[in-house]
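**Student:** Starting off with a structure, shown below.
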Amino acid sequence: MNEEIDQGHLRTPPGRLFRKYLYAIVALAFAALAINTGFDVWFSYREQKQLLAAAQREQAASAAIQIGQFVGQIENQIRWLSRLPPELSTNEDERLNAIRLLRLSPAIAELTELDAKGREQVRVSRRVADRVGSNVDHSSSAAFRGANESRAYYGPVYFFDDTEPFMTIAVRGAGSTPNVVVAEVNLRFIWDLVAGIRVGNTGKAYVVDRLGVLIAHPDLWPALRRSDLSSHPDVRAALDGVGPPSGGLIKEDFSGQRVLSTYATVPSLGWLVFAELPLSEAYAPIYASIGRSAFLLIVLLAFATLVSLWLSRRMTVPIQMLSQGAQRIGSGDLGLRLAIKTGDELEALGDQFNRMAAHLHESYATLERKVIERTSELEKARDHALAEHDAAERARSVAVAANETKSRFLAVVSHELRTPLNGVMGVLQLLDDGRLGEIQRRHLATAAASGETLIALVDAILEYARLEASTEALETRDFRLDQLIETAVDLMGPQAFGKGLSFDLACDATVNSSVHGDPVRLNRILLNLIGNAIKFTPSGGIALSATAERHDDHALLRVIVRDTGIGIAPDMHERIFEDFVQADDSIARRFGGTGLGLAIARRLTRLMRGELTVESAPGAGSVFTLLVPLGLAASGIALGALPPPSRQFRVLLVDDDPVNCEVGEAILIRLGHRAAIARNGAAAVALARKQPFDVVLMDLHMPDMDGVEAATRIRQLPLQPMPRIIVVTADVSRDTRERLTAAGIGKVVSKPILMNALREALENEPERGAADPRPETGALIDRHFLADQKDLLGTSQIAKLHRLLDETGEKLIADIAAAAAAGDHKQLARSAHQLGSAASALGLVRLFDRCRDVEQAAPSMSSGECQDAARELAALREASMNALDDLLAPAKHSSLSKDEVGSH
Ligand code: ADP
């Protein structure tokens, strides 16, 4: 499983590190070699130059010595001729000796012997005839004078016939009157000597006399020209006695060639012997040495480069391995091992790296194992939770079924109680035909209020059932707060007084205002609190105080009901608000009651976003505080004064009960509408076919054909306009609700019919075009199902599902579009299936149906059909989500539960 990286594995191009090392090492080697070679060349150049100059000086000196010897030898020979004083030899002897000397020394061209006075005694010459005793006076000659002044005289070089150089040498003899011998010496011999001097291969030597005139040179022509070199700076310097520079002098010779020049002096004559060597030859060895060094430098450099390459590779390859290894481990290849065998710190680093990788591998494996263990634990826990959930679900179903049964029972009971009550209430309402006196009207109002209270009491049971089924919604309208409280007090006052209790009412001025809220529910709560206070107060009294604190957009109603009654033990303070709970059984027996009143009161208070609390102690009386926020009334309307309807409707009233029919008709007329009556379903359908109606007010429970069926049949008629159907019922069972929803009936009015409720139901006409029994949103969404889900799961859960559906739906639509574009039928079917499942969770039925169609048809669809289907699903999803947004939006919340979903 372990994989290795070694140097051989690594076939990557050299990286920057490699180049850095390479350049650094090569540069270092080059610098070292170049400096070394440079020094070497420089010093050997200087030494060579010194050596060359020294050798040349040697040659010049040896030539100078030879010339000196040559001249010295001639001088000695001449001196030999004058060795005898004149008195001891004859002229003839002298002549013979001179001839002998000429024969002996070829360089001497002429010999002249002068007496002490400078008169010529003998002259022997190679060019002219000998002359003896001529006595020609030479006393003024330079030679004679020179010889007498010092022992020997060396004349200047002169040229005879412009061909050969000659020099006069004169010596003085011994004795009191010494002779002077003058010799003309041919210097051609010196030419030969100079020509014989070898300075290198191509160098030369030449001689200059003490006046700077060139007297010997291997090339004849400059000599023949008797060049005067005294103006040359080096010659001038030499004549002035400046010694030659130790390293020689570099200058141009007569032919313009650059030469290394040095010289030596012939001591007796003051002549200078110059030796010159062309620089090209003089420095040839130096150049050769430089060439050799350069060659060596290049060879060494090449070698250094190779060594650097090797070294760099050796250093960078392990580092590269480490870097690559780290990279691969970083990308999850934990089995990787590095094989670095450099035997140095890098190898140690590689080993540590391997240990680290192994450690990581191990940790990872442990982690994986733990994850697996944890996953399996979680799965078990999930299974367990699912099992528990199933059990809970079953229990919940049982509870729901039981609840349903209870609700149905309560609905039936309340229905049976309501029918006679309805009659009483109706007749009471009709009594006020506008001709009654003030007192009669007041009595009538009290009677009506009592009737309504009675209905409300009956409604407690119904209310409780509705609250249980979570279908209760507020029915709000504008009303006078003071009237509401006074009516309640008026209603309950007689009871209190009858028990001998006092009943104080203290209403703040703020209460004298119109507010917007649910007066029926509020009344119900107040009656309950006052009723309890009276019921549980054997002596003393009751006090009710009310304030309505005005805020920006609402009024906060605070009603406090105090009594001096039996009080409530602290541990019961919360419990009395629970269903069917009474503080004490004995008390219950004494005072009666159901134990439902406070439970409903608190639930209703909370429905109104208010709070109901108690403060009490046994024997010390009780204080109930009701806090309810109420809306502000649009306009202050008074009870009894009805505004005219916005439009007169033709209403078909369907009810099997004659009293109800009469009451209903009267109310409709009172509200300003026209009414026709049908006493059963069939008659209603027949009448609707004959006459046009705007509204059908349909009783639900009728023999033969019930309200739903009659409504459905009317709907099926080709009517223009199609009447709105409003159902009148007190039935809250789920069954009924489902049937109403299925029949497309949204509007329901509670029974017995109250004038205001009916007025509102009629006035709140749905918008035009929405008369279709199944409006567009209804078709997109199964609202009944949605309402059920909401009951089942709760609002927050539904909101969560809504959000989830929004997100996943969008993603799935994108998936579907992608699958359709790519022609991936399988994926299309899968995504459509997922979208359908998600849509069904919130009752998006049309989307669900279409998704199922697409899922089934996907395998055989053409690519064009796929894309059409994707587009259609996207549009449908958007429409469905918009409809869902509308239904679930908080502003429409109450209308959804009240008008659309709730059924009574
Ligand atoms: P009911 O009055 O029908 O029994 P309620 O829910 O109205 O039911 O009251 C529940 C219980 O709370 C009563 O049975 C009684 O024990 C207690 N209770 C309510 N109001 C008062 C009060 N003002 N004084 C004392 N006890 C009260």
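**Student:** Contact order normalised by length for the range 85-224, with contacts defined as Cα pairs under 8 Å and 6 or more residues apart; what percent is it?
**Tutor:** 20 percent
**Student:** How many angstrom lie between the Cα centre of the range 174-222 and the Cα centre of the range 827-845?
**Tutor:** Taking the Cα centre of the range 827-845 as reference, the centre of the range 174-222 is 132 Å away.
**Student:** Further question on the same structure: Explain nothing, just the number: relative contact order of the chain, from Cα pairs under 8 Å at least 6 residues apart, as a whole percent.
**Tutor:** 8 percent
**Student:** Take every DSSP beta bridge with both residues inside the chain and express the antiparallel ones as a percent of the total, to the nearest 5.
**Tutor:** Expressed as a percentage, antiparallel bridges in the chain total about 75.
**Student:** Follow-up. Calculated FRET efficiency, residue 142 and residue 253, Cβ-Cβ r, R0 41 Å, to nearest 0.05?
**Tutor:** That pair, residue 142 with residue 253, gives E of 0.80.
**Student:** Shifting gears a bit: Enumerate the amide H contacts of residue 155 below 5 Å, restricted to partners 5 or more residues apart or on another chain; note that Pro and chain-start residues carry no placed amide H.
**Tutor:** Residues meeting the criterion, in which the H sits 1.01 Å from N, are 168, 169, 170.
**Student:** Okay, moving on. List the lysines whose alpha-carbon lies under 22 Å from that of residue 800, not counting same-chain residues fewer than 8 positions away?
**Tutor:** Straight-line reach from residue 800, under 22 Å: 790, 811, 892.
**Student:** Hey, what do the phi angles of the range 98-112 turn into as Karplus ³J(HN,Hα) couplings, whole Hz, using 6.51/-1.76/1.60 and θ = phi - 60°, x for Gly and Pro?
**Tutor:** For the range 98-112, the Karplus-derived couplings read 5, 4, 4, 5, 4, 5, 6, 10, x, 6, 7, 9, 7, 10, 10 Hz, x marking Gly and Pro.
**Student:** Then there is this: Could you derive backbone 3J(HN,Hα) for the range 115-123 from the dihedral phi with the Karplus parameters 6.51, -1.76 and 1.60 (θ = phi - 60°), listing whole Hz in sequence and x where the residue is Gly or Pro?
**Tutor:** Values, residue by residue: 7, 5, 8, x, 8, 6, 9, 9, 9 Hz.
**Student:** Taking the Cα-to-Cβ direction at residue 131 and at residue 280 and moving 7 Å from each Cα, how far apart do the two end points lie in nm?
**Tutor:** My value for the distance between the label points is 5.4 nm.
**Student:** Let me ask you something else. Apply the Karplus curve 6.51 cos²θ - 1.76 cosθ + 1.60, θ = phi - 60°, to the phi angles in the range 651-664 and return the couplings in whole Hz, x for Gly and Pro.
**Tutor:** Once θ is set to phi - 60°, the couplings for the range 651-664 become 10, 9, 9, 10, 7, 7, 8, x, 5, 4, 4, 5, 4, x Hz.
**Student:** Arranged from highest to lowest average of other beta-carbon atoms within 10 Å per residue, in what order do the peptides 722-729, 174-181 appear? All intermediate terms of the calculation are to be shown ahead of the outcome.
**Tutor:** Details: 722-729: 22.6, 174-181: 18.0.
Peptide ranking by packing, descending: 722-729, 174-181.
**Student:** Further question on the same structure: Based on the alpha-carbon gyration tensor of the chain and its eigenvalue square roots a ≥ b ≥ c, which shape applies: rounded if a/c is under 1.5, prolate if not and a/b is larger than b/c, or oblate? Walk me through the numbers on the way to the answer.
**Tutor:** Values: a/c = 5.30, a/b = 4.81, b/c = 1.10.
The shape class here is prolate.
**Student:** If you don't mind, another one. Can you list the residues of the range 167-206 with backbone N under 11 Å from a point 7 Å past the Cα of residue 91, pointing along Cα to Cβ?
**Tutor:** Within reach of a label on residue 91, which here means backbone N under 11 Å from a point 7 Å along Cα→Cβ, the range 167-206 contributes nothing.
**Student:** Between residue 40 and residue 288, how many nm apart are label points set 7 Å from Cα along the C-beta direction?
**Tutor:** About 1.7 nm, to one decimal.
**Student:** Along the charge dipole of the chain, Cβ charges K/R +1 and D/E -1, which of 287, 748, 208 sits furthest on the positive end?
**Tutor:** Value computed over the given set: 208.
**Student:** If you don't mind, another one. Taking the Cα centre of the chain as the origin, how large is its charge dipole in debye, to the nearest 20, when only Lys and Arg (+1) and Asp and Glu (-1) carry charge on their Cβ atoms?
**Tutor:** It works out to roughly 2380 debye.
**Student:** Any chance you could run the full-extension gain for residue 760 through residue 27? It's 0.36 nm times the residue separation minus the Cα-Cα distance, nm to one decimal.
**Tutor:** Residue separation times 0.36 nm, minus the Cα-Cα distance, leaves 253.7 nm.
**Student:** Projected onto the charge dipole of the chain (+1 at Lys/Arg Cβ, -1 at Asp/Glu Cβ, origin at the Cα centre), which of 84, 325, 607 gives the Cα projection farthest towards the positive end?
**Tutor:** Farthest along the dipole direction, towards plus: 84.
A short reminder: the numbers here are calculations on the coordinates, not readings from a lab. Nothing here was measured: the structure is a model prediction, and the numbers come from that model. No Cβ is skipped: glycine too gets one built from the backbone with ideal geometry, and neighbour counts run over all protein chains shown.
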